[in-house]
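To keep things clear, I will list the structure first and then write my remarks on it.
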Amino acid sequence: MCGCSYAQNNDEVFYQTSTINALLDEVYDGNITVKELKGYGDLGLGTYNNLDGEMIGLDGLFYQVKADGIAYAVDDSIKTPFAVVTFFESDKTIVLEKSVNYKQLEQYLDNVLPTRNIFYAFKIEGTFKYIKTRSVPWQDKPYPPLVEIVKDQPIFEFHDVNGTIVGSWFPGYMKGINVPGYHFHFITEDKKGGGHLLECQTGGVKIGIDYTSNSYLALPEDDEFYKAELSKENQDELKKVEK
């Protein structure tokens, strides 16, 4: 209870439910509701029960981009098997007027982060010349591996669109727990579409970066999680899933 209270009352903390290795080992059953998740952050990303779409948390509201590419406002009762959230407060704001693609955006951010040993949350708002995203469809048991699901993932493309990229950066020492490096989801300004970011070409954007030195990990307490193979090396699978 003390740990949960700390996570709820401290703005400078990433709250995470479950681990990325659990998701790679087919632990897709939700263990915490969106209502509970909102108590730990107003910005974040993840997925939903049965791997049903991509999560975007922005300004305290949570959206679900399903396999049809449409962003839906979610009911507080919906559960998530994996998510990471924080109360976003920008420590650094940058106006990026030049156009960059996904790889160039990562390189640009690499050069402005003060250290690679803490955590970061991102809110990148503005105009995008091009956005490419994906989502994943609802899964039924017995669950297939995530690396197999994304082979047929629906792809969505947006041109000359306004919107927001929500993201995180975790150090390499967090592999197995979260996605090392950058992890981005996108939602359009009208909150009608988005998904897991695969590629982009920025127009004029404002980048907000929240430096975060604390994390709180809440693990599921069920047989599915207890029996998962969480110590195996999954980085090759993760690269296939993320890209």
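Where a number appears in this text, it was derived from the coordinates with a stated rule and is not lab data. What you see is a predicted model; the values in this text were computed from it and never measured. Positions of Cβ are generated from backbone atoms using ideal geometry, with glycine treated the same way; all protein chains shown enter the neighbour counts.
For K243, which lysines qualify as cross-link partners when the Cα separation must be under 17 Å and same-chain residues fewer than eight apart are set aside?
Partners found: K103, K132, K151, K175.
List the residues, sorted by chain then number, that are 5 or more residues from V136 or on another chain and whose placed amide H is less than 5 Å from its amide H.
G53, E54
To check you understand DSSP bridge types, tell me what percent of the beta bridges within the chain (both residues inside) are antiparallel, rounded to 5.
Values: 67 of 73 bridges.
Taking every DSSP beta bridge within the chain, about 90 percent pair in antiparallel fashion.
For the stretch 7-47, I need the span (max minus min coordinate) of the C-alpha atoms along each principal axis, in Å, sorted largest to smallest.
Between the extreme Cα coordinates on each principal axis of the stretch 7-47 lie 31, 18, 14 Å.
Mind checking which lysines have their Cα closer than 20 Å to the Cα of K79? Skip sequence neighbours fewer than 8 apart in that chain.
K79 reaches K35, K38, K66, K141.
Taking 8 Å as the Cα distance limit and 6 or more residues as the minimum spacing, I'd like the relative contact order of the stretch 38-193 as a percentage.
Across the stretch 38-193, relative contact order equals 26 percent.
Check the straight Cα-Cα distances from K129 and name the aspartates and glutamates below 18 Å, setting aside those fewer than 8 residues away within the same chain.
Those aspartates and glutamates meeting the cut-off are E97, E106, E157, D160, E189, D190, E199.
Could you please rank V147, V84, V95, V13, placing first whichever residue has the fewest other Cβ atoms within 10 Å of its Cβ?
Neighbour counts put them in this order, fewest first: V95, V147, V13, V84.
Starting from 0 in steps of 5 Å, tell me what percent of the Cα-Cα pairs of the stretch 132-239 lands in each bin.
Values per bin, smallest distances first: 2, 8, 15, 19, 19, 17, 12, 5, 2, 0.
Which number comes out as Rg/Rh for the stretch 1-148 once both Rg and the Kirkwood Rh are worked out on C-alpha atoms?
Computed over Cα atoms, the ratio is 0.98.
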